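The values are calculated or read from the model by the stated rules, or taken from the named source; none is laboratory data. As the structure is a prediction and not an experimental result, all values here were calculated from the model. Positions of Cβ are generated from backbone atoms using ideal geometry, with glycine treated the same way; all protein chains shown enter the neighbour counts.
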Amino acid sequence: MILVNITGGSTNAVLHLIAIAHSVGVELTIDDFQSVSDRTPFLADLKPSGKYVMEDLYAIGGTPSLIKFLLKEGVLDGSGMTVTGKTLAHNVENARDFPADQDIIRPFSNPIKPTGHIQILRGSLAPGGSVGKITGKEGTVFTGKARCFDAEDLFIEALEAGTFKKGEKTVVIIRYEGPKGGPGMPEMLKPSSAIMGYGLGDDVALITDGRFSGGSHGFLIGHVTPEAQEGGPIGLVRDGDTICIDSEKRVIDITDASEEELAKRRKEFVAPASKYDKGTLRKYAKVVQNASRGCITDA
C-alpha cells in the first residue's frame, strides 16, 4: 500500500490487495488505504502524471533500489517474510543505492504531493465508497453537469459525435460496468484516453462503477459502490444533475437532487436484465461482492 502511493500506482491495487488479504484471513478495507495515503507522500515523477517511465526507474535500480530507499527512510517494515524464504530487507540488501543526481524518485523533503494519490470518496453518489486517483495534476475539486451512459461504447459514440465542448464542465457517468453489471468490472481505459485525446481533460471528469487502467489519467473516479446494477445512486443520476467531486473533503455528491427526489427515482428504478443468463459469467455476477470488498466471490 505504501509503495503504491509512493509511486502513484494503479487504483487496481485497492481491489487486488483487499482480495489477497481476504484470501489469507486478514481484514483490509478501503479505509485502510485512505489511512495509508494520508501519511504517505507521492514521490515518483512517473507517467501518466509525471515525465519519466518505468524503464527510467529500472535504469537507476528499479523496485529493489526503491524498496531499499524506503527501508532506510523507515516507512517499510523489512522483517516481513517473502516468497523467497528471506525477509524483505534481506532481499534488497545488495541492491544499489539511487544515484545522487537522479530526480525520478523525489526525497521525502521535497515530495510531488505531501500525501498519496489514492483517495476514498463517499457521498450521495457513492455511499459505499469510491476510489479516485488524484495526483494534483488534474486539480482537487471538480463540479459539472452529468451526462449519463449505460455502457462504455455509448459514451465513445457521443464523444465522436461532438457532444462535448471545451469550456463546458461535464461529469460523464459510465455505469452498469461494475462487478455484477459488467460483469467483471472492465477497465475504462478507452473512455479516459479518449477524453484526453480530444483535449477535454480540463473540462470532463469521469465517474464509473467500473475501474481504470494504471495508464489512465485525468479527473477519474471509479469503483463506485453500490454499483448501478444493484440499484446504487449512480444508477439514479440523470442528465443535467450537478455532480461535485471534492477530493480535499473526500466527498462525491449529487448536489441538486434532494433525498426526496432520489427516493422517488429509486422507486421508479428497474435494473436492466443481466447480460448473461447462463454460464460462468452469470454465476460470477450472482456471487461477486462489491468493489469496496475487493470483488471477492467467497464471502
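A quick yes/no check of all residues on (1) at pLDDT 95 or above; (2) closer than 16 Å to Lys133 by Cα; (3) β-branched (Val, Ile, Thr); (4) touching a Pro at 6+ places or on another chain (Cβ under 8 Å):
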{"site": "Gly218", "(1), (2), (3), (4)": "no, yes, no, no"}
{"site": "Pro233", "(1), (2), (3), (4)": "yes, no, no, yes"}
{"site": "Asp246", "(1), (2), (3), (4)": "yes, yes, no, no"}
{"site": "Ile252", "(1), (2), (3), (4)": "yes, yes, yes, no"}
{"site": "Thr255", "(1), (2), (3), (4)": "yes, no, yes, no"}
{"site": "Ser258", "(1), (2), (3), (4)": "no, no, no, no"}
{"site": "Lys264", "(1), (2), (3), (4)": "yes, no, no, no"}
{"site": "Glu268", "(1), (2), (3), (4)": "yes, no, no, no"}
{"site": "Ala271", "(1), (2), (3), (4)": "no, no, no, no"}
Quick check: anything in segment 149-166 on the phi < 0 side of the Ramachandran plot, in contact with a Ser or Thr (Cβ under 6 Å, 6 or more places away or on another chain) and free of Cβ contacts under 8 Å to residues at least 40 places away in the same chain? no
Would you check if Phe164 is buried (at least 24 other Cβ atoms within 10 Å of the Cβ) and modelled with pLDDT of 95 or more? no
Complete set of residues in segment 249-299 that are in contact with an Asp or Glu (Cβ under 6 Å, 6 or more places away or on another chain) and either closer than 26 Å to Thr29 by Cβ or not in a loop (DSSP other than H, G, I, E, B) (or both): Ile254
How many residues, within segment 2-36, are over 17 Å from Gly294 (Cβ atoms) and either buried (at least 18 other Cβ atoms within 10 Å of the Cβ) or in contact with a strand residue (DSSP E or B) (Cβ under 6 Å, 6 or more places away or on another chain) (or both)? 4
Conditions: (1) part of a loop (DSSP other than H, G, I, E, B); (2) at pLDDT 95 or above; (3) within 25 Å of Asn12 (Cα to Cα); (4) assigned by TED's automatic domain parsing to the domain that holds Leu262. Gly139 meets all but one. Number of the miss? (2)
Output for segment 110-136, where each listed residue is of a type outside the set (Ser, Thr, Tyr), assigned to a loop (DSSP other than H, G, I, E, B) and either buried (at least 17 other Cβ atoms within 10 Å of the Cβ) or in contact (Cβ under 8 Å) with a residue 12 or more places away in the chain (or both): Pro111, Ile112, Pro114, Gly116, His117, Gly123, Leu125, Ala126, Pro127, Gly128, Ile134, Gly136
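Here are some residues: Glu230, Glu177. Which one is touching a residue at least 60 places away in the same chain (Cβ under 8 Å) and either under 23 Å from His117 (Cα atoms) or surrounded by 16 or more Cβ atoms within 10 Å (Cβ to Cβ) (or both)? Reasoning before the result, please.
On the way: Glu177 fails: touching a residue at least 60 places away in the same chain (Cβ under 8 Å).
The unique qualifying residue is Glu230.
Yes/no matrix, rows are residues, columns are (1) free of Cβ contacts under 8 Å to residues at least 40 places away in the same chain; (2) within 24 Å of Gly201 (Cβ to Cβ); (3) in the same structural domain as Ile254 (by TED's automatic domain parsing); (4) under 22 Å from the mean Cα position of the chain (by Cα):
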site: Thr29; (1), (2), (3), (4): no, no, no, yes
site: Arg39; (1), (2), (3), (4): no, no, no, yes
site: Leu46; (1), (2), (3), (4): no, yes, no, yes
site: Lys51; (1), (2), (3), (4): yes, yes, no, yes
site: Ile60; (1), (2), (3), (4): no, no, no, no
site: Leu66; (1), (2), (3), (4): no, no, no, no
site: Val75; (1), (2), (3), (4): no, no, no, no
site: Met81; (1), (2), (3), (4): yes, no, no, no
site: Phe98; (1), (2), (3), (4): yes, no, no, no
